[in-house]
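Student: This is the structure, below, for whatever I ask next.
The values are calculated or read from the model by the stated rules, or taken from the named source; none is laboratory data. Every value quoted in this text rests on a predicted model; they were computed, and no experiment measured them. So basically every Cβ, Gly included, is an ideal-geometry build from the backbone, and we count neighbours across all protein chains shown.
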Amino acid sequence: MAQPAKKPKRQTKYSAEYQKEYPFIHNSIKSRAKEKNEDIIIAGCPCHILHNAASKAGTAFSEITGFDIEDHCVDVFYWFDKSSKRKSILKECYEFCDSEYQEIIKFISTRWLSLELCVNCELKKYEGLKSYFLLEHFPDARFKRLESFYNDAIAEVYLLFYQATLPCFTNFNKFLQREDPLVYQLHDAQQRFMHKLASKFIKPAVIQEHKSKKLLFAELHVCVENQRDDISLGIGPLTRNAIKRLLDSGEVDQEKVDQFFDAVRAFFMKAYEYCVQWLPLVYSCSVAPKLCIR
């Protein structure tokens, strides 16, 4: 007589508000949930994880270049905030550069999608802002930081890089914040995101070989040997054109450009490694709901 098929375990996934890098320890939600159901899988909030991945990557970028995008956006906003005189002079600079006046967007570190908006806004008004900080003179530490930034020819390249890179994170974050059910789409969506992120700095042949073996992107090796050359890193065409223009004009030297590319690699590697560590990339529960629906 045939033996009855073994009933599969019922798995439950709990995605919690992601507050720390080491959640669910010592008399935690995880330990209590495991007491009730040993098959439960607990994962952090993917939206928080994506936000933190971009933030950690930005820190890696700043350790090489000295430019922290989040601190910079805070400096720009608060320099003009509550000062009608400074805003008036900035408006004149905008008009001189044939640009319409626009309020500076405030960056708030706890709002996941604000950084990309801040960068886009600054690039639209870059010439006007640059004119202001080259025209004015103040002893304040904040002004000195901004003056130094706008005096550096490669500053625009940094902003263009972030403009080209941040949508990879924010678009996936927007997808995760949809109101309709997403659990059955999560696995494939995460793999697409990791593919897009890897494609920015990993050689296409390496990615293709990895996919041909039907391996998850959590298992992809991102060592330097598997990375693209500087000329083919995914920094965006506007960023690359700006670098060429600055090199041709002699405003920056090759050493400065090499430092930038080192920072780009550090950014992508940190972001990728953080996502591999914290996103639920290999949990079977992210695949199971999709199979059940089919």
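Student: Identify, please: which residue in the range 96-119 is in contact with a Phe, Trp or Tyr (Cβ under 7 Å, 6 or more places away or on another chain) and free of Cβ contacts under 8 Å to residues at least 24 places away in the same chain and is, among those, surrounded by the fewest Cβ atoms within 10 Å (Cβ to Cβ)?
Tutor: Ranking the candidates gives Glu100 first.
Student: Just checking, how many residues over the range 259-294 are part of a loop (DSSP other than H, G, I, E, B) and at pLDDT 95 or above? Lay out the reasoning, then the answer.
Tutor: Filtering the range 259-294 for residues part of a loop (DSSP other than H, G, I, E, B) gives 279-283, 287, 294.
The next check asks that each one be at pLDDT 95 or above; those that pass are none.
Counting residues in the range 259-294 that are part of a loop (DSSP other than H, G, I, E, B) and at pLDDT 95 or above gives 0.
Student: Okay, moving on. Say whether the condition of being out of contact with any His (no Cβ under 8 Å at 6 or more places or on another chain), over 30 Å from Ser83 (Cα atoms) and aromatic (Phe, Trp, Tyr) is met by at least one residue in the range 140-151.
Tutor: No, every residue in the range 140-151 fails to be out of contact with any His (no Cβ under 8 Å at 6 or more places or on another chain), over 30 Å from Ser83 (Cα atoms) and aromatic (Phe, Trp, Tyr).
Student: Looking at Asp180, Asp230, Asp248, which one is closer than 22 Å to Cys45 by Cβ and either modelled with pLDDT under 95 or of a type outside the set (A, V, I, L, M, F, W, C) (or both)? Steps first, please.
Tutor: Numbers: Asp230 fails: closer than 22 Å to Cys45 by Cβ; Asp248 fails: closer than 22 Å to Cys45 by Cβ.
None of the other options fit; the residue is Asp180.
Student: Could you identify the single residue in Phe175, Phe143 that is of a type in the set (A, V, I, L, M, F, W, C), part of a helix (DSSP H, G or I) and within 28 Å of Arg245 (Cβ to Cβ)? Full working, then the answer.
Tutor: On the way: Phe175 fails: within 28 Å of Arg245 (Cβ to Cβ).
Only one candidate passes the filter, namely Phe143.
Student: Something else about it: For the range 178-225, give me the residue count where each residue is part of a loop (DSSP other than H, G, I, E, B) and of a type in the set (Asp, Glu). So that I can check it myself, show each step before the final result.
Tutor: As a first pass, look at the range 178-225 and keep what is part of a loop (DSSP other than H, G, I, E, B): 178-182, 200-201, 203, 213-216, 220-223.
The next check asks that each one be of a type in the set (Asp, Glu); those that pass are 179-180.
Selection size over the range 178-225: 2.
Student: Would you mind telling me which numbered condition in (1) within 29 Å of Lys256 (Cβ to Cβ); (2) part of a helix (DSSP H, G or I); (3) more than 23 Å from the chain's Cα centre (by Cα) Ala153 fails?
Tutor: (2)
Student: Scan (1) of a type outside the set (Val, Ile, Thr); (2) at positive phi; (3) surrounded by 12 or more Cβ atoms within 10 Å (Cβ to Cβ) for the single condition Arg265 breaks and write down its number.
Tutor: The one condition Arg265 does not meet is (2).
Student: Related question: Suppose we filter Lys256, Lys211, Lys203 for residues that are of a type in the set (Lys, Arg), more than 16 Å from Tyr158 (Cβ to Cβ) and modelled with pLDDT of 95 or more; which single one remains?
Tutor: On the way: Lys256 fails: more than 16 Å from Tyr158 (Cβ to Cβ); Lys211 fails: modelled with pLDDT of 95 or more.
Going through Lys256, Lys211, Lys203 in turn, just one is of a type in the set (Lys, Arg), more than 16 Å from Tyr158 (Cβ to Cβ) and modelled with pLDDT of 95 or more: Lys203.
Student: Conditions: (1) more than 21 Å from Phe61 (Cβ to Cβ); (2) surrounded by 19 or more Cβ atoms within 10 Å (Cβ to Cβ); (3) at pLDDT below 95. Phe133 meets all but one. Number of the miss?
Tutor: In the conditions (1) more than 21 Å from Phe61 (Cβ to Cβ); (2) surrounded by 19 or more Cβ atoms within 10 Å (Cβ to Cβ); (3) at pLDDT below 95, Phe133 misses (3) alone.
Student: Please find, among Leu134, Leu238, Leu166, Leu160, the residue that is farther than 24 Å from Ile108 by Cα, assigned to a helix (DSSP H, G or I) and touching a residue at least 60 places away in the same chain (Cβ under 8 Å). If you could, list the steps in order and put the result at the bottom.
Tutor: Working: Leu134 fails: touching a residue at least 60 places away in the same chain (Cβ under 8 Å); Leu166 fails: farther than 24 Å from Ile108 by Cα; Leu160 fails: farther than 24 Å from Ile108 by Cα.
It is Leu238.
Student: When you scan the range 1-113 for helices (runs of 4 or more DSSP H) that lie fully inside it, which ones turn up with 3 or more residues that are modelled with pLDDT of 95 or more? First the steps, then the outcome.
Tutor: On the way: elements: 29-36, 46-65, 69-80, 84-96.
Fully inside the range 1-113 and qualifying: 46-65, 69-80, 84-96.
Student: Further, regarding this structure: Within the range 241-257, take every residue that is of a type in the set (A, V, I, L, M, F, W, C), in a helix (DSSP H, G or I) and over 25 Å from the mean Cα position of the chain (by Cα) and give me the one that is farthest from Tyr150 (Cα to Cα).
Tutor: Our first condition is that a residue be of a type in the set (A, V, I, L, M, F, W, C); within the range 241-257, this holds for 242-243, 246-247, 252, 257.
Then keep just the ones that are in a helix (DSSP H, G or I); that gives 242-243, 246-247, 257.
Adding the requirement that they be over 25 Å from the mean Cα position of the chain (by Cα) leaves 246-247.
Details: Leu246: 14, Leu247: 17 Å.
That would be Leu247.
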